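The values are calculated or read from the model by the stated rules, or taken from the named source; none is laboratory data. Small disclaimer: the values here were computed from a predicted structure and weren't measured. Cβ placement follows ideal geometry from the backbone for every residue including glycine, while neighbour counts extend to all protein chains displayed. We work out accessible area using only protein heavy atoms, side chains counted, and drop any ligands, DNA or RNA first. Shrake-Rupley method; radii C 1.70, N 1.55, O 1.52, S 1.80 Å.
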Amino acid sequence: MKTRTLLLLTGLFLCSLAVMNAQEAMTYQTPSKEIAQLVDAPLPPIVSVNATKDWMLLIHQPGYPSIEELSQPELRLAGLRMNPRTNGSSRGRSYNGLSLKNIQSGKDFEVTGLPEKAQIENIGWSPDGQGVAFTITRNNAIELWHLDVADQEAKALTKGIINDVMGSPYEWMPDSKHIIVKTILEGRGGAPEQPDIPSGPVIQESSGKETTLRTWQDLLKNPYDESVFEYYTSAQLHLLNLETGDMKKFGPAGIIRSFDPSPDGKYVMISSVQKPFSYLVPYRYFPTTYDILDINGRAVKRLADLPLIDKLPKGFGAVPTGPRSIGWRADEPATAYWVEAQDGGDPSVETEVRDRLFYLSAPFDGKKVAGIPFKLRYSGINWGNGQLAVAYESWFASRQRITSKFRPGDADSKEVLFDYSTENRYDNPGSFATTQNDYGRNVLLSSKDGNRLFLTGQGSSPQGDRPFLREFDLTTKETKEYWRSKAPYYETPYTILDPDKSLIITRRESKQEAPNYFIRNWKNGKLTALTEFEHPYPGLEGVEKQVVKYKRKDGIDLQGDLYLPKGFRPGVDDPLPVIVWAYPREYKSAADASQVSGSPYQFIRLSWGSPIYWVAKGYAVLNNASMPIVGEGDDEPNDSFRKQLVDNAEAAVEKLVDMKVADRGKIAVGGHSYGAFMTANLLAHSDLFAAGIARSGAYNRTLTPFGFQREERTYWDSPEVYYTMSPFMHADKINEPMLMIHGEADNNSGTFPLQSKRMYSAINGLGGIARLVMLPHESHGYRARESVMHMFWEMDQWLEKYVKNRKVVP
């Protein structure tokens with residue numbers, strides 16, 4: 001008995017040691033020099049052209065922010081993430097400089113007046129194109145600034161009073177002389193203090209009606225959360241005069257989601273969040289009112305009073321009843337428009353009309369006017385010249401998309417222009433080009449006679465993407481191609497500069513040449529360079545990129561972007577260790593799944609999420625490897641998810657081996673988010689890979705029971721699908737090492753940090769080899785330089801140990 005007790009105690013002690021040894025107190029690490037230099041490579045500026053097409057704004061990007069910046073206080077409430085010190089977003093993307101380029105002369109101008117280490121956000125051109133508004137965060141507060149294009153000088157318009165936690169913090173008025181500004185409440189006092197003793201339990205009660213809600217994160221949890229949410233989101237609008245600097249209050253204070261001046265500037269439409277709040281859904285589902293105020297801030301019309309949206313019918317086509325997609329017509333001085341479901345918002349209802357368009361014009365004292373019907377679910381409108389508009393509608397289950405023209409105000413004028421599958425890239429007609437009208441609103445760009453529009457698009461084809469510019473005849477519905485990208489370049493339309501002179505601004509790149517902007521004459525082919533951004537990755541010069549094509553067992557065509565180290569000679573040099581990086585996508589058509597995507601002539605693009613860095617360390621990288629999951633007819637893609645996934649991977653591996661690129665025993669697989677889910681499944685259900693890297697994934701689909709990705713069915717509809725697809729349920733079959741990385745603050749619906757923790761526990765408990773890295777303060781994507789560097793260090797160590805230096809037994 002004593003011996004058995006001693007053995008038990010010894011076993012428990014050894015188990016505790018194993019658990020203790022599994023924890024590592026580690027500081028942030030830096031990967032090898034080859035990778036670190038690429039991570040710190042300078043980023044090219046972002047480009048923005050004004051409405052008059054005579055000035056280009058260059059927005060300069062800093063490197064990754066520090067972990068200190070990311071560690072600022074953060075509140076996570078009702079789907080918002082906010083910094084209580086600044087009363088702004090805690091996850092905003094900021095820039096550190098601005099400069100200007102005159103498009104006609106090509107001359108560059110530095111912007112003066114900016115503070116050192118400026119954190120610039122919310123950049124927007126004035127309607128007349130002669131000014132730029134933006135915010136700067138400094139001294140734990142947010143200020144509104146203005147750049148005058150005429151003298152290239154930036155000046156502060158306000159003190160640190162801007163409220164930037166929800167929606168836009170400002171909107172330009174159409175006259176370009178006034179800006180509506182959203183500020184924190186004057187004299188609001190300190191933030192609510194959390195009570196030491198709760199006043200009672202938190203209670204939720206269902207209504208007895210069936211609904212399907214996603215598994216949201218960052219939700220309100222109790223009355224204290226409600227009070228804090230209301231404190232930071234409550235705001236007051238002000239009308240700011242740019243010439244005098246005067247500001248006057250505009251309308252009542254409230255939790256203001258959005259505010260939008262009418263095209264003529266005589267009215268402002270304001271949407272405001274109302275109580276009761278919910279603990280089940282983010283703020284955008286809370287009760288919301290839409291009010292129209294005149295330019296003096298007086299209430300004119302309550303356009304809509306929408307209830308809490310916490311009960312929707314099943315299906316991706318489900319929408320709430322009542323007005324939605326509310327806005328101003330861009331082609332009228334002051335006409336509001338919206339759509340309303342005609343099927344109760346229920347996609348299971350059989351009907352010829354799903355949605356209908358409605359209007360109400362100033363002075364907003366009449367009845368709403370019914371507009372065109374929609375056979376499918378409404379998905380947008382491009383307004384034109386008052387006599388023409390283009391409407392879009394789509395249906396998820398069939399992947400159908402319809403584009404139609406109509407005359408606003410005539411409910412019977414709808415005429416179909418395009419009807420195609422959203423999965424069929426080859427048949428995608430592109431998007432209609434727009435320009436700004438006299439109101440400063442984007443409207444359809446048409447020929448002088450109004451009979452022709454302009455289309456730009458990716459131009460997917462069996463030869464890859466070849467972006468285009470086309471003319472579309474509204475009468476004959478025929479297209480005429482003006483220009484199309486040609487090898488050895490990949491060139492995309494940015495904006496039509498002057499249709500009468502056949503001038504367009506394009507973004508042009510090749511395998512060796514970094515992307516730059518040009519003025520192209522589409523008639524004579526003349527090119528004039530606007531920018532001269534340098535090659536940002538000298539360490540990757542000489543790297544070979546090629547699009548490789550191969551077939552799956554069932555005949556579906558697959559492809560991937562293959563990157564080979566400089567000087568590598570397949571069939572002469574020894575095969576390489578390989579990283580296969582992918583993201584599964586669902587299709588309802590095998591033919592569509594087989595279509596070619598991307599271009600072999602694109603410049604190498606690096607980001608924190610890319611695996612291409614390892615080509616600098618002697619690996620071959622197959623990026624964007626095709627992983628189609630197809631379900632035709634009554635079959636759903638996920639009914640055979642596992643088999644198709646393995647078949648995709650097997651085809652990729654065989655291709656790499658046949659090309660004499662890959663050492664069969666030294667191939668890793670990896671992915672982010674749904675790619676991580678893929679990785680775990682491939683390790684569980686195949687022996688194709690030496691190791692896996694899974695970042696920010698979900699592994700147990702029963703934790704997302706009301707659907708995920710493109711899966712409409714709930715867990716209770718198809719429990720076998722959820723079980724079969726969940727690698728957590730098959731963790732005992734994972735017999736290759738898997739590195740899991742996850743942001744501790746991941747707020748993506750479905751990929752809770754708990755998913756990786758439970759998956760690691762399962763593999764660990766079953767005797768598998770796994771490593772779990774939780775990155776502090778990081779969300780679904782990783783931002784801090786320290787986090788990104790450490791992520792690459794972890795991946796590098798894993799690949800070196802379990803792939804590159806793996807001892808392969810013949």
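Numerical summary
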| item | result |
| --- | --- |
| C-alpha center-to-center spacing [the stretch 471-508, the stretch 196-271] in angstrom | 42 |
| Set of lysines with alpha-carbon distance to residue 53 below 24 Å, sequence-local pairs under 8 removed | 101, 107, 155, 177, 448, 501, 523, 526 |
| Computed E for residue 422/residue 353 - FRET, C-beta separation, R0 22 angstrom, nearest 0.05 | 0.55 |
| Spread of Cα-to-Cα distances over 5 Å intervals beginning at zero, given as percent, for the stretch 321-453 | 2, 10, 19, 22, 20, 15, 8, 3, 1, 0 |
| Viscosity 0.692 mPa s, 37 °C: Kirkwood-radius Stokes-Einstein D of the stretch 62-192 over Cα pairs, µm²/s | 206 |
| Of all accessible heavy-atom area on the chain, the percent that carbon and sulfur account for (1.4 Å) | 48 |
| Eligible lysines near residue 807 by straight Cα distance, threshold 21 Å, same-chain separation 8 or greater | 617, 660, 666 |
| Under-5 Å amide H pairs with residue 770, H placed in peptide plane, nonlocal only | 738 |
| Average accessible area per residue (Å²) across the stretch 610-667 - probe 1.4 Å, nucleic acids and ligands excluded | 33 |
| Helix-only mean residue ellipticity at 222 nm for the chain, each DSSP H run of n ≥ 4 adding -39500 (n - 2.57), per residue, nearest 500 | -4000 deg cm²/dmol |
| Measure of compaction for the stretch 225-300 (Cα Rg per 2.2 N^0.38 Å) | 1.24 |
| Residue 689 accessible area, 1.4 Å probe, all protein chains in place, Å² to nearest 10 | 10 |
| Amide H partners (placed H, <5 Å) of residue 250, local residues excluded | 237, 238, 239 |
| The stretch 128-205: GluC sites (Glu not before Pro) in DSSP loop, at most 12 other beta carbons within 10 Å | 186, 193, 205 |
| With eigenvalues of the C-alpha gyration tensor scaled by 5 and rooted, the chain, Å | 44, 34, 30 |
| Solvent-accessible heavy-atom area per residue, rounded to whole Å², over the stretch 490-557 at 1.4 Å | 51 |
| Of all DSSP beta bridges in the chain, antiparallel share, percent nearest 5 | 85 |
| Chymotrypsin sites (Phe, Trp or Tyr not before Pro) within the stretch 707-793: DSSP coil, no more than 12 neighbouring Cβ in 10 Å | 716 |
| Whole-Hz ³J(HN,Hα) from phi, Karplus 6.51 cos²θ - 1.76 cosθ + 1.60, for the stretch 720-732, glycine and proline x | 5, 5, 4, 5, 5, 7, 7, x, 4, 6, 10, 4, 5 |
| HN-Hα J in Hz across the stretch 246-257 - Karplus 6.51, -1.76, 1.60, θ = phi - 60°, x for Gly and Pro | 6, 10, 10, 4, 10, x, x, 6, x, 8, 8, 6 |
| When the convex hull of its Cα atoms is projected in every direction, mean area for the stretch 257-319 (nm²) | 5.3 |
| Kirkwood Rh (inverse of mean 1/r, distinct Cα pairs), the stretch 718-810, angstrom | 14.8 |
| Average accessible area per residue (Å²) across the stretch 695-754 - probe 1.4 Å, nucleic acids and ligands excluded | 35 |
| Built amide H within the under 5 Å cut-off of residue 304, gap 5+ | 290 |
| Average projection area in nm² (convex hull over Cα atoms of the stretch 207-263, one quarter of hull surface) | 7.8 |
| Long-range Cα-Cα pairs in the stretch 459-563 (distance over 23 Å), rounded percent | 43 |
| 3J(HN,Hα) from dihedral phi, the stretch 757-767, Karplus parametrisation 6.51/-1.76/1.60, rounded to Hz, x for glycine, proline | 4, 5, 5, 4, 4, 5, 5, 4, x, 8, x |
| Area accessible to solvent at residue 151, 1.4 Å probe radius, in Å² | 80 |
| Quarter of Cα convex hull surface for the stretch 118-271, i.e. mean projection, nm² | 13.2 |
| Neighbour cut-off at most 16 other Cβ (10 Å), DSSP loop, GluC sites (Glu not before Pro), the stretch 730-799 | 744 |
| Between the stretch 55-103 and the stretch 384-445, the alpha-carbon center distance in angstrom | 34 |
| Pairwise centroid distance, computed over Cα atoms, of the stretch 760-809 with the stretch 603-638, Å | 19 |
